[in-house]
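As structure tokens, the structure follows; a few thoughts come after it.
The values are calculated or read from the model by the stated rules, or taken from the named source; none is laboratory data. Quick caveat: nothing in here was measured; it's all calculated off a predicted structure. Positions of Cβ are backbone-derived with ideal geometry, glycine not excepted, and every protein chain shown enters the neighbour counts. For accessibility, only protein heavy atoms count, side chains too; no ligands or nucleic acids. Shrake-Rupley method; radii C 1.70, N 1.55, O 1.52, S 1.80 Å.
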Number of protein chains: 8
Amino acid sequence: MKKGVSIIMGSKSDLPVMQKAENILKEFVVPCEIRALSAHRTPDLVREYAAGLGERGMGIVIAAAGMAAHLPGVVAGLTTAPVIGVPIESAGLGGLDALLSIVQMPPGIPVATVTVGGAKNAALLAVAMLAVADDQLADKLEEYRTTMRTAVQNADAELCKPAKGA
Amino acid sequence: MKKGVSIIMGSKSDLPVMQKAENILKEFVVPCEIRALSAHRTPDLVREYAAGLGERGMGIVIAAAGMAAHLPGVVAGLTTAPVIGVPIESAGLGGLDALLSIVQMPPGIPVATVTVGGAKNAALLAVAMLAVADDQLADKLEEYRTTMRTAVQNADAELCKPAKGA
Amino acid sequence: MKKGVSIIMGSKSDLPVMQKAENILKEFVVPCEIRALSAHRTPDLVREYAAGLGERGMGIVIAAAGMAAHLPGVVAGLTTAPVIGVPIESAGLGGLDALLSIVQMPPGIPVATVTVGGAKNAALLAVAMLAVADDQLADKLEEYRTTMRTAVQNADAELCKPAKGA
Amino acid sequence: MKKGVSIIMGSKSDLPVMQKAENILKEFVVPCEIRALSAHRTPDLVREYAAGLGERGMGIVIAAAGMAAHLPGVVAGLTTAPVIGVPIESAGLGGLDALLSIVQMPPGIPVATVTVGGAKNAALLAVAMLAVADDQLADKLEEYRTTMRTAVQNADAELCKPAKGA
Amino acid sequence: MKKGVSIIMGSKSDLPVMQKAENILKEFVVPCEIRALSAHRTPDLVREYAAGLGERGMGIVIAAAGMAAHLPGVVAGLTTAPVIGVPIESAGLGGLDALLSIVQMPPGIPVATVTVGGAKNAALLAVAMLAVADDQLADKLEEYRTTMRTAVQNADAELCKPAKGA
Amino acid sequence: MKKGVSIIMGSKSDLPVMQKAENILKEFVVPCEIRALSAHRTPDLVREYAAGLGERGMGIVIAAAGMAAHLPGVVAGLTTAPVIGVPIESAGLGGLDALLSIVQMPPGIPVATVTVGGAKNAALLAVAMLAVADDQLADKLEEYRTTMRTAVQNADAELCKPAKGA
Amino acid sequence: MKKGVSIIMGSKSDLPVMQKAENILKEFVVPCEIRALSAHRTPDLVREYAAGLGERGMGIVIAAAGMAAHLPGVVAGLTTAPVIGVPIESAGLGGLDALLSIVQMPPGIPVATVTVGGAKNAALLAVAMLAVADDQLADKLEEYRTTMRTAVQNADAELCKPAKGA
Amino acid sequence: MKKGVSIIMGSKSDLPVMQKAENILKEFVVPCEIRALSAHRTPDLVREYAAGLGERGMGIVIAAAGMAAHLPGVVAGLTTAPVIGVPIESAGLGGLDALLSIVQMPPGIPVATVTVGGAKNAALLAVAMLAVADDQLADKLEEYRTTMRTAVQNADAELCKPAKGA
């Protein structure tokens, strides 16, 4: 059975950002679940969540959090599944706090960090991880790239103008 | 029985910094313990550690960590005892990563963050917390302030020079 | 008699942020006072304020300020009561100025710094400090945690979806 | 046949850092190659390199670079294999330039960014990605975690001291 | 035949900013083209684009991009024509990510970086480069400076007030 | 005759900010002038401006600029009168660019830098400089302080509440 | 009688930096004093120090401090004499903490901030302030500028080389 | 006659860094001069320097400076020749001050900014600018690229290892 991707966020307020990840996973027909748990307010639930990942068929985690964003790192310490971290921008420090809290993991427990607010990229990274051992998914990813390329090409064609001037 | 202060650090390499905290606590005759556990490499041991704080007579935690410094926040989520966080400087980002990872805790679970590398201040803050309900300790803290003041005064007296010039 | 928590802010414009602290203290039935004094414009009033803390029954200070936020550190130099600092975000530098001005205290005089804008966390930290020597308050803090946990759990349950896909 | 991990760096001077990645991969008996190519000085060689990844049996890329660190992102645009980026610290800006140049990828082409200088974490992340579809490797990763945990536990036991004081 | 300036941007959403560059080039009657290609999504098209610069009569490139802004550096690696980089501000990090990704090029492949959002300055810099070997263009640039000077002078004259007070 | 204060800004768009400086100077009946000149677009006018300061009776300069804010430093190199620099916030980098461009002057030519956007403080600083040799102005400054103190005191009195709770 | 300049530093360890200020003041034959007092450890001594400035003939203050550098701002709140702030670099954050703590003063109480570590510039600024009402000192400052100019000119003459090449 | 490149630095202490620029220009047989003048200490000399660029056969300027690095921008305001700015790293702020002071030029007067400490890149950029109208120089630049490419290729060949492992 195909392994799925578990999307977890530190607060339900991150849902509008993280639904972009869910949309990508649906587009690639990758099984997924969405959860909202707090590393600090519900450490026990996060532990249960992590312990049950395998049973629920989840092979990869996408974890999003803002501020002192510990959720991705905490989950990474509770599972050997790859954990993708999405820093969420909050007022004031522009997401730099979340970015550093997620990416600067100490030796031994990595978190695969993506762009601040990069829910879509997190999902595409999860798909790429699954595609390492799934040629069909790898083909879909190639197609996705082709579609992106065509979109850029069309936008460029529209914009593209012959040289003007003397 | 007087409550003690538990010093915990994310890596034994933080010991030279954190011994300044132990020294202060000894000076104030506050019971203390020193531990080195990793929020990511040993989440279960951290949980056990936090669960046993009360039993070991520890009423306050000083937690030090560098980089994506999650230890103070993780412990704060596992106990209602006040947690004091000490950001440890590491190469490159000058401790800004540890500072933001510790201080920017989301609503509900505070960490009392002190100066980057501020082990001594962490211990003095722990003493001040205990002194809220311990007048004898409060008096000692006053004395400590007086000693500091005298030291500054003496340094100033040595330096102090009459105005020169026209 | 139970010790109270004094909330002081550098400018009355910080009141909307700091009332979250007052609300938490009321919820925990902790005596409190709210003051607005400036470390720079009214140094004498700040000194009087600090000198009278004990007499007014205040055992802990929550001090909020923005920009070159000196108020928490200045009060910390005038009392041995624990001082909790709340950096207030202002335009431009996103609160980084206030954060560094509050947290980077030199050895000897700590300030327990919380999240930028973290009035609620400041109050919860004050409650945790008082709870070190007050088991009843510690129990209330446990209940508060349970309530938070339940809120997260409910939000998660609402969101939680079975795995979709192939 | 098992897929391997290709380690590529922007400059041979990054080799001392990146050999930590090779060591981890050897420890997990994961096939690997080490290359040094420049996104800017040798764009054609990088393209050839990326085009031949599959043929050389490489399923994952670890790309390290400093300063305006484009190599990880450029390779990510040339392959659908997951690309792990390692920001290399250089003088002055402490690696913040490399970190932002690697992690802030635009929508569509993710790079799985790890700690500044985090070669070891990059390799562990690559192993975790391969382990999604390789239970034997997943078991080895669990063992590795157990070894880390034991090491921490021993260090803690050595350090651990009974409470001192009154 | 006079060489032209090619304006390329990483995303069509940068067009409103970059049209200021086109306007300046038109004002100086410098031939130009506008393109929108992505270093990551369309690496092959960027290569074709760069390979054809000479044939299309383009002697200088203005490349704009945001976030992990690789486009200017990637184009600089594909042509020996001078490349001017325009960092585009995006949410959160205020353009610091784009600035560092563009300016911090490693030895051998420079990018002439201008102000964050500085499309107008990029075009004026391109004109100045062309004017090194084109005295007529140099004269026009002098005139442009004179016009700017007059505008400032008029604004100052309007504002300028005689000293008031005692 | 009393020396005046010359307010100069890099762009007329800084006028709304800088009028706060003019208001303070009027309040203290200090002669002043307002000018808008650009260090880069009108270097000759800036030189004339600086050369004529003494003749126009101006003893102190307040110079405001944003971005690569050279105006204060350039004027400081053209006069021995004290120059006060006001960093103006612009989009993206939050005024950090202007602050560093103004404050980090090399040895020999100081600029007295004030708060980002701190036009009012710049004027008060100019008044304080004049008051060093003008006892009447020093008295007015004392009165100004008293007024500020009273305003804070009144705001505090309004806010001030007796301790509530148990 | 000529007014003097009081140099005060937060810690005696800042003396090697601040002696550059004393040297400049001696060179200009400006009366001066050197003091070392802490805003936090000796608030009362700082108040006494500020209250006695006039009596000691001091018309200007140069205050240096590192980390959460409150000393310049605190003194500025205790005197109407102009206060010049010198941010002292400390490990980790490179002096950014001290710079922001000194320069970002709230409206009403300015601090004239100079370069990080800029003791020499602080003294030259003090001289320039005194020179506003002291033509002889203004002349000396002009001479000092001439000497600097000559030194640069000589260094340039030594370096200056005729164009080489084709 | 071929136009030359003028290298100017704010302080003779920048010479070791800037000689890398001279070396590149010699390698490409481009006429050059080296000067050391200060925007602040010798504004008149800088004006003379800029006014004489054309007469001395200099068509492009490379200007290096640290801290509040005004020299490149000041020269750019005094000539219409393209000005390339090299930020010089100084203690503490890691060159961020110089970078922002150089790159963030306001609309109208661009500076072509290169890497912090990027003297070599500055010279290569100057060569590329000259090569826009000099096909022979463009060919040399192509050769230089080929040499760089070969060096990388050789380094890679030495490093390159066949996949190891299972």
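A few remarks follow.
- Among the residues of region A:61-119, those that are more than 14 Å from the chain's Cα centre (by Cα), small (Gly, Ala, Ser) and closer than 23 Å to D:Ala138 by Cα comprise A:Gly77, A:Gly108.
- Residues of region F:62-80 satisfying the condition of being more than 7 Å from every other protein chain (Cβ to nearest Cβ) and touching a helix residue (DSSP H, G or I) at 6+ places or on another chain (Cβ under 7 Å): F:Ile62, F:Ala63, F:Ala64, F:Ala65, F:Gly66, F:Ala69, F:Pro72, F:Val75, F:Thr79
- Of residues in region B:81-94 being open to solvent by less than 10 Å² (accessible area, probe 1.4 Å) and modelled with pLDDT of 95 or more, the one farthest from D:Ala98 (Cα to Cα): B:Pro82
- Scanning region A:99-143 for residues that are more than 7 Å from every other protein chain (Cβ to nearest Cβ), surrounded by fewer than 24 Cβ atoms within 10 Å (Cβ to Cβ) and assigned to a helix (DSSP H, G or I) yields A:Asp135, A:Gln136, A:Leu137, A:Asp139, A:Lys140, A:Glu143.
- Selection status of C:Ala155, open to solvent by 10 Å² or more (accessible area, probe 1.4 Å), among the small types (Gly, Ala, Ser) and more than 12 Å from chain B (Cβ to nearest Cβ): yes
- Within region G:50-100, tally of residues that are in contact with a Ser or Thr (Cβ under 9 Å, 6 or more places away or on another chain) and of a type in the set (D, E, K, R): 2
Yes or no, residue by residue, for (1) closer than 30 Å to C:Gly94 by Cα; (2) out of contact with any His (no Cβ under 9 Å at 6 or more places or on another chain); (3) at pLDDT 95 or above; (4) buried (at least 23 other Cβ atoms within 10 Å of the Cβ):
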| site | (1), (2), (3), (4) |
| --- | --- |
| A:Asp44 | no, yes, yes, no |
| A:Ala51 | no, yes, yes, no |
| A:Gly57 | no, yes, yes, no |
| A:Ile60 | no, yes, yes, yes |
| A:Ala69 | yes, yes, yes, yes |
| A:Pro72 | yes, yes, yes, yes |
| A:Val75 | yes, yes, yes, yes |
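- Selection status of D:Ala157, outside any loop (DSSP other than H, G, I, E, B), among the small types (Gly, Ala, Ser) and at pLDDT 95 or above: no
- Number of residues in region D:37-82 that are within 14 Å of E:Pro107 (Cα to Cα) and of a type in the set (Lys, Arg) equals 1.
- Subset of region A:15-60 [free of Cβ contacts under 8 Å to residues at least 12 places away in the same chain and under 23 Å from B:Val75 (Cβ atoms)]: A:Arg41, A:Thr42, A:Asp44, A:Leu45, A:Glu48
- Residue list for region B:5-42, restricted to those being in contact with a helix residue (DSSP H, G or I) (Cβ under 8 Å, 6 or more places away or on another chain), surrounded by 20 or more Cβ atoms within 10 Å (Cβ to Cβ) and either among the acidic types (Asp, Glu) or farther than 19 Å from D:Ala157 by Cα (or both): B:Ala21, B:Glu22, B:Ile24, B:Leu25, B:Phe28, B:Val30
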